[in-house]
Amino acid sequence: MHTKLANLLLAHAPLVTLVGNRVHWDTLPQGSIYPSIVMFTVSGVTDYTMAGASGYVQTRVQFDCRGATAAAAREVADALGDRLSGFRGVFQGFEFQGCFMQGQRTRFDKDGATSWFTDSRDALIHWALA
């Protein structure tokens, strides 16, 4: 699901215009520039029947949309929401049954001489193999 979700975002031209290919899971590569998106799996629940896993999974993903300014981070987060909010469809062999935005937080971070703004958005992703 990780690669498919990242590719789903990278197939959205307005988002790519803002972040290029800077959509990553868990951490940014050292020396990365902004704006960018870092994704984290918050939770995942696999559906089971008496015969085993049904193939349906519900995953909560946190998207940290980072920018050099608060406005830049918000612009990326808004473009992310435009792509994901309510999205359903088959993409690269995955059936995205519904993507629903669930929450938002903002913050400012500084590490030495480097600083950035983050607009975090949570989404509940319902998916299965197509």
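We did not get these values from a lab; they are worked out from the coordinates using the rules stated. Quick caveat, the model's predicted, so the values are computed rather than measured. Glycine gets a Cβ as well: all are built from the backbone with ideal geometry, and neighbour counts include every protein chain shown.
Of note:
- When only alpha carbons are used to place a centre, the stretch 96-116 and the stretch 30-77 end up 10 Å from one another.
- When the Gaussian network model of the chain links Cα atoms closer than 10 Å, the mean-square fluctuations of Thr69, Thr49, Thr106 top out at Thr49.
- Over the stretch 2-129: Rg over Rh, Cα atoms, Kirkwood Rh: 1.01
- For a label point 7 Å along the Cα-to-beta-carbon line of Asp109, residues of the stretch 57-89 with backbone N under 18 Å: 61-78
- Gaussian network model of the chain, springs between alpha carbon atoms under 10 Å - residue of Arg105, Arg74, Arg88 with greatest fluctuation: Arg105
- Computed E for Ala6/Thr27 - FRET, C-beta separation, R0 22 angstrom, nearest 0.05: 0.95
- Counting only Cβ charges, +1 for Lys and Arg and -1 for Asp and Glu, the dipole size of the stretch 1-100 around its Cα centre is about 80 debye.
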